[in-house]
Amino acid sequence: MIAHPFEYHSPENLPEALGLLNQFGEDAKLLAGGHSLLPMMKLRFAEPGHLIDLGKIPELKGIKQVGNEIHIGAMTTENELIWSTLLADKIPLLVEGAKQISDPQGRYKGTLGGDIAHGDPGNDHPALMLALGASFVLKGKNGERVVAADGFFLGTYTTLLAPGEIMTQIRIPISPAGSAGCYAK
């Protein structure tokens, strides 16, 4: 099936993306990796008039340690999680889980934030985020807020992400030395 016609927008920074999101309101959808949204658009389960691609926004990517936490940009791909030496050292459970997602081609496009924001309980990252005690940074016209993973997921495809907000970062506390974990589907 062919998707409903839409306008494509490719902002280069977060304020521009938030401006577009607020300008077009409920008629806009955010595009992260696209693995969930694009099939829904092809089946016409989603018919946004405006598609806002977050792929060119550099502040939404990257993995770094800040104090006793790892901060991961929402547009960081599954493959970037897998190849991160910092994550392999500090949060190996996340690397193990990312290796089990999709296939190699899908992991080059699929993003951590896109998977989480979609709110599909069948996806891998929601369970991993709960187990790791993660929190999510959400930005909108009213500012920034940090929401714990425990409580973010309200139901199937339903989260605390409000209209006009963009998930910008995932924060995960570093586990104490000697901690271990295993992820099995």
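The values are calculated or read from the model by the stated rules, or taken from the named source; none is laboratory data. It should be emphasised that the depicted structure is a prediction, and the values quoted were computed from it without experimental measurement. Ideal geometry is used to build each Cβ from the backbone, glycine not excepted, and the neighbour counts take in all protein chains shown. Heavy atoms of the whole protein, side chains included, go into the accessibility calculation; ligands, DNA and RNA do not. Shrake-Rupley method; radii C 1.70, N 1.55, O 1.52, S 1.80 Å.
Put simply, of Ala117, Ala88 the only residue that is part of a helix (DSSP H, G or I) and closer than 23 Å to Leu37 by Cα is Ala117. One residue stands out among those in the range 79-110 that are modelled with pLDDT of 95 or more and either touching a strand residue (DSSP E or B) at 6+ places or on another chain (Cβ under 8 Å) or on the phi > 0 side of the Ramachandran plot (or both): the one that is surrounded by the fewest Cβ atoms within 10 Å (Cβ to Cβ), which is Leu86. With respect to the conditions (1) farther than 19 Å from Phe136 by Cβ; (2) without any contact (Cβ under 8 Å) to a residue 40 or more places away in the chain; (3) exposed (fewer than 13 other Cβ atoms within 10 Å of the Cβ), Phe24 lacks only one, and its number is (3). The number of residues in the range 45-77 being within 30 Å of Gly178 (Cβ to Cβ), touching a residue at least 40 places away in the same chain (Cβ under 8 Å) and among the charged types (D, E, K, R) comes to 1. Quick check on the range 122-134. Is at least one of its residues modelled with pLDDT of 95 or more, over 13 Å from Ile170 (Cα atoms), crowded, with 21+ Cβ neighbours inside 10 Å and in contact with a Phe, Trp or Tyr (Cβ under 9 Å, 6 or more places away or on another chain)? No; the residues of the range 122-134 include none that is modelled with pLDDT of 95 or more, over 13 Å from Ile170 (Cα atoms), crowded, with 21+ Cβ neighbours inside 10 Å and in contact with a Phe, Trp or Tyr (Cβ under 9 Å, 6 or more places away or on another chain).
Filter the range 139-151 down to the residues that are modelled with pLDDT of 95 or more and touching a helix residue (DSSP H, G or I) at 6+ places or on another chain (Cβ under 9 Å), then identify the one that is most open to solvent (accessible area, probe 1.4 Å). The extreme case among them is Asp150. Checking each residue in the range 52-78 for being under 13 Å from the mean Cα position of the chain (by Cα) and at positive phi picks out only Gly62.
Residue count for the range 152-185 under the criterion of being without any contact (Cβ under 8 Å) to a residue 60 or more places away in the chain, over 19 Å from Leu87 (Cα atoms) and open to solvent by 40 Å² or more (accessible area, probe 1.4 Å): the result is 7.
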